[in-house]
1. With respect to the numbered conditions (1) closer than 19 Å to residue 178 by Cβ; (2) modelled with pLDDT under 95; (3) crowded, with 18+ Cβ neighbours inside 10 Å, which one is the sole condition not fulfilled by residue 125?
2. Testing residue 188 on (1) over 14 Å from residue 44 (Cα atoms); (2) assigned by TED's automatic domain parsing to the domain that holds residue 30, one condition comes back false. Which one is that?
3. Within the range 153-166, is there a residue that is part of a strand (DSSP E or B) and either closer than 26 Å to residue 72 by Cα or out of contact with any helix residue (DSSP H, G or I) (no Cβ under 6 Å at 6 or more places or on another chain) (or both)?
4. Quick check on my filter: what residues within the range 216-225 are closer than 22 Å to residue 3 by Cβ and not in a helix (DSSP H, G or I)?
5. Can you name the residue in the range 231-251 that is of a type outside the set (Val, Ile, Thr) and not in a loop (DSSP other than H, G, I, E, B) and, of all such residues, is farthest from residue 96 (Cα to Cα)?
6. Looking at the structure I just gave you, is residue 213 in contact (Cβ under 8 Å) with a residue 24 or more places away in the chain and part of a strand (DSSP E or B)?
7. The conditions are (1) touching an Asp or Glu at 6+ places or on another chain (Cβ under 6 Å); (2) under 19 Å from residue 29 (Cβ atoms); (3) not β-branched (Val, Ile, Thr), and residue 197 fails exactly one of them. Which is it?
8. Looking at 138, 228, which is the one that is surrounded by fewer than 18 Cβ atoms within 10 Å (Cβ to Cβ) and in a helix (DSSP H, G or I)?
Amino acid sequence: MVITAELTKAFAPTGVLRASLNMGNPVLANTDSTGQPYGMSIDLARALGAELNIPVELVVNKTAGKSVETMESGRADIGFFAIDPARGREIAFTWPYVLIEGFYLVRDADPITSNDQVDVAGKRVVVGKGSAYDLFLSRHLKQAEIVHAASSQAVVPTFIEQHIDVAAGVKQQLQMDTKGMKGVRLLPERFMVIRQAMGIAKDRGPQAALFLRHFVEKMKAQGFVKHSMTRHNIDGANVAPLGDADKDPLA
């Protein structure tokens, strides 16, 4: 697509491409010893800025919910979000660039051995408020009670401190937060695949959304996403297959 002044203004009305980051998912972004963000989201944001020939500003958020709020409020221009119909009311999504797995964590002493034993009356499941798996489980769990932790990083501490039956989250986050911890285990199968995509507010116009979809497909096809995952030592996630950039993934 031709990059016009109108398109550039749609992405960066302030003259700077402000990228909303979710630091609550270690697959997407982390901070180094100096507190500077790094990771796949940052790589893609800077690549998009280079494509549009505009500078990039990183807007750091601790949770997925805050990252969504930041963009919907107009304080950021693009973001990195799991595709979800609830978010799709305001955000135009690309096709996913990476697929991340959501898993359940339980105690060794708990008789639960499979996902279908979680949605039972009397069971409590803790999730990070506003996360992709919160939105998903809020629609799909019919009997178990959902307990909201303040963030994805707070899920395991809440699970332990409040003696909750099940913790739900991104597999890598759960593994990282329980490293060296005895008496807990992940259930053997994922309960969802989180389709992680880029997004832009729908009010920026259809051409901006179309350009962003084509950008993500190019980044996958050229191996940029795979290289970023390798460079940042991302395990347990997969580059998403190519999608039809001319179509809305939620259409």
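The values are calculated or read from the model by the stated rules, or taken from the named source; none is laboratory data. The structure displayed is predicted, hence computed values, not measured ones. Reconstructed Cβ throughout: ideal geometry from the backbone, glycine too, with neighbour counts over all protein chains shown.
1. Condition (2) is where residue 125 drops out.
2. That leaves (2) as the condition not met.
3. If we filter the range 153-166 for residues that are part of a strand (DSSP E or B), which is where we start, we get 166.
In the following step, the residues that additionally are either closer than 26 Å to residue 72 by Cα or out of contact with any helix residue (DSSP H, G or I) (no Cβ under 6 Å at 6 or more places or on another chain) (or both) were identified as 166.
Checking the range 153-166: at least one residue is part of a strand (DSSP E or B) and either closer than 26 Å to residue 72 by Cα or out of contact with any helix residue (DSSP H, G or I) (no Cβ under 6 Å at 6 or more places or on another chain) (or both).
4. Taking the range 216-225 first, the residues closer than 22 Å to residue 3 by Cβ are 216-222, 224-225.
Selection gives 222 alone.
5. We begin by selecting, within the range 231-251, every residue of a type outside the set (Val, Ile, Thr); these are 231-233, 235-238, 240-251.
Checking the rest, the ones that are also not in a loop (DSSP other than H, G, I, E, B) come to 231, 238.
Working: 231: 19, 238: 10 Å.
Across the range 231-251, the extreme among qualifying residues is 231.
6. Values: in contact (Cβ under 8 Å) with a residue 24 or more places away in the chain: yes; part of a strand (DSSP E or B): no.
No.
7. (1)
8. Values: 228 fails: surrounded by fewer than 18 Cβ atoms within 10 Å (Cβ to Cβ).
Step by step, each of 138, 228 is checked, and only 138 is surrounded by fewer than 18 Cβ atoms within 10 Å (Cβ to Cβ) and in a helix (DSSP H, G or I).
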